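The values are calculated or read from the model by the stated rules, or taken from the named source; none is laboratory data. These figures come from a predicted structure and were not determined experimentally. Using ideal geometry, Cβ is built from the backbone for each residue, glycine included, and neighbour counts are taken over all protein chains shown. All accessible areas refer to the heavy atoms of the entire protein, side chains included, with ligands and DNA or RNA removed. Shrake-Rupley method; radii C 1.70, N 1.55, O 1.52, S 1.80 Å.
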Amino acid sequence: MMTIAEFFANIDKIPKELWADITLVAHLACKYQGRQYRDSGEHYLEHVFDVMYQMAQLDRERDVIFAGGLHDIIEDTEITKEYLS
């Protein structure tokens, strides 16, 4: 799994037109999951950034990358998909 530091070390491999959206997802993830950790001790945000990076590397559409980064927020917080729409 990619760490947050590795994500930002490799951000130049993600198309620049996606950076604004990734920044928004990162903000929301930090706001709503910034204090959450998995049972393994891994920070929830590691998964968020790993999913976004993998989707970008697979040349997925913007909405797929966005949804990949936000899926745990909907599953693990009080935030609804309607709120994020």
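Tabulated results
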| read-out | value |
| --- | --- |
| Matching residues in segment 17-34 - criterion: being open to solvent by 50 Å² or more (accessible area, probe 1.4 Å) and of a type in the set (Val, Ile, Thr) | THR23 |
| Pair list, Cβ < 6 Å and 6+ apart or interchain, from segment 68-80 residues that are among the polar types (S, T, N, Q) to residues that are assigned to a helix (DSSP H, G or I) and crowded, with 16+ Cβ neighbours inside 10 Å | THR77/TYR32 |
| Options TYR37, TYR83, TYR32, TYR53; residue that is in contact with a strand residue (DSSP E or B) (Cβ under 9 Å, 6 or more places away or on another chain) and either hydroxyl-bearing (Ser, Thr, Tyr) or modelled with pLDDT of 85 or more (or both) | TYR37 |
| Scan of segment 52-82 for residues that are buried (at least 16 other Cβ atoms within 10 Å of the Cβ) and of a type in the set (Asp, Glu), ordered by number | ASP72 |
| Qualifying residue in segment 35-43 (condition: open to solvent by 40 Å² or more (accessible area, probe 1.4 Å), in contact with an Asp or Glu (Cβ under 8 Å, 6 or more places away or on another chain) and either without any contact (Cβ under 8 Å) to a residue 12 or more places away in the chain or part of a helix (DSSP H, G or I) (or both)) | no |
| Count of residues meeting criterion [part of a loop (DSSP other than H, G, I, E, B) and of a type outside the set (A, V, I, L, M, F, W, C)] in segment 44-85 | 7 |
| Number of positions in segment 1-26 that are over 17 Å from GLU75 (Cα atoms) and assigned to a helix (DSSP H, G or I) | 18 |
